[in-house]
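Notes for the one structure printed next.
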Amino acid sequence: MTDALILRGGRLVCPTTGRDAPGTLVLRAGHIEAVLPADAPAPEGRSLDATGAVVAPGFIDLHCDLAWPGHLHREGLDSGTAAAVRGGFTTVCPSPATDPALDTPEAVAGLVAQAAARRRCRVRPVAALTAGLAGKRLTEMFGLAAAGAVAVGDGGRPVADAGLLRRALEYARAAGLPVWMFPEDADLRGRGVMHEGPVATRLGLAGVPAAAEHLAVARALVLAELTGARVHVGPISTAGAVARLAEARARGVDVTAAATVAHLHLTDAAVAERYATDLRVCPPLRPQADVDALRAGVAAGVVQAVASGHVPRSPAEKAEAFAEAAPGMVALETTLGLLLELVAQGVLDLPTAIARLTVGPAQALGLTPGALAPGAPADVVVFDPASRVRVAGLQTRGRNTPFLGRALPGLVRYTLVEGRVVFDAEEGPC
């Protein structure tokens, strides 16, 4: 029989089962064999010390860019998956905005196979909704699903043609795939590079009105209700989007949403304070009222998932003037720490914070949420909420984050996938 791996001494926090108590996990053959009280004897086997740490189901990231294939100057599967497991993510859903786009079964299968060869986190791609992400012709969604795609969408490119989008939703529903919809109206966005408001006016930068998001979210909800398709909207950034989602969910519309952790912390005022291109992101940072509404939406479950929004950029792409710099921020290794800061501030309790990284993302994908329960896959993260980690020596190739050098809570001691240790704080990614 395969030897057991024992996680001893931790606080087991599992939103799926409601467990929040000290205990011991027994892992064997890729699954959780037993969940024992802290004082119960455990079988013989290799032990990992979880004393003083939280033991939770592995995190799922719905919005990230691994830049593979085609953008190796930004990121790659080695660095991207290493960053993911260091951040506690056992599953990531990378964007289809690659070169070439993930718009064929062969491209999706190639990414899945290459990622599996790294033997770190699970990589479950979001495949393209339209060929070449051009918004003109639908992809072959049944083939994409068979190749390993867990959703379809056009990354950060909204589909302008509402008729085509309706057909896409109907086709995706038949293929059993949720549709990722980026909440922005391209015509209203225009050439905007930050939130439209007094800060943009003062800086002389073109703005993106909140209405660009409101209109896109409203259209997504109308089409989701019309077609009965599963729709995921994100990342969202405005109070208006939260309000529209709450109203639609109350009517029973099958829609989920995500916000990035950066949009739960930073406002457009930060652009004026630092004027750094690391703060140019898409959607743009919004005023404090929007941040407050997003936080309330995450706490209430209107926004079911918190995502990293990880978009690595090369130094050259961020060395331009603010208006010309490529948007994006790296975040796989800072998401947990920033979320734990919200716990410390009383915005969320710890089980809710973990649920937004586990249960909520699984719901968006239509998957069974991870659980600390016998028989469940042994995808587990062990982190110390009291230990602060300086954001330095990142595994990602990108350095485009305003949090570089900052000390954040939540040292990840171990990340396990199928019972294998894929990250150890003392040894790094395995």
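Summary table
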read-out	value
Label-point separation, Glu170 to Thr17 (7 Å along Cα→Cβ), nm	4.5
Cα centroid separation, the stretch 231-300 to the stretch 166-227 (Å)	12
FRET efficiency, 1/(1 + (r/R0)^6) with R0 45 Å, evaluated for Asp3 and Ala289 via beta carbons	0.25
Three-way shape call for the stretch 49-92 based on the alpha-carbon gyration tensor, with the a/c threshold at 1.5	prolate
Cα shape, the stretch 58-365, gyration tensor, a/c 1.5 rule	rounded
Cα centroid of the stretch 138-152 to Cα centroid of the stretch 302-375, whole Å	24
Gap separating the Cα centres of the stretch 402-418 and the stretch 64-90, nearest whole Å	15
Cα convex hull of the stretch 229-293, projected area averaged across orientations, nm²	4.5
Nearest-ten-degree value, helix 210-227 long axis tilted from longest Cα axis of the chain	70
Degrees, to the nearest 10: 105-118 long Cα axis against longest axis of the chain	40
Mean separation of Cα contacts under 8 Å, 6 or more apart, over the residue count of the chain: relative contact order %	20
Rounded if a/c under 1.5, otherwise prolate or oblate - the stretch 339-430, Cα gyration tensor axes	oblate
FRET efficiency estimate (nearest 0.05) - Cβ-Cβ, Ser387 to Ala160, R0 41 angstrom	0.30
Approximate spin-label separation Leu367-Ala134, in nm, with each point projected 7 Å along Cα-to-Cβ	3.2
Residue-count net charge about Ala371 - beta-carbon cut-off 14 Å; Lys, Arg +1, Asp, Glu -1	-2
Degrees separating the helix 239-250 axis from the principal Cα axis of the chain, which is the longest one	70
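Taken together, the values in this text are just the output of simple stated rules run on the coordinates, not laboratory data. Given the structure is predicted, the values throughout are model-derived calculations rather than measurements. In this analysis, Cβ positions are derived from the backbone assuming ideal geometry, glycine residues included, and neighbour counts consider all displayed protein chains.
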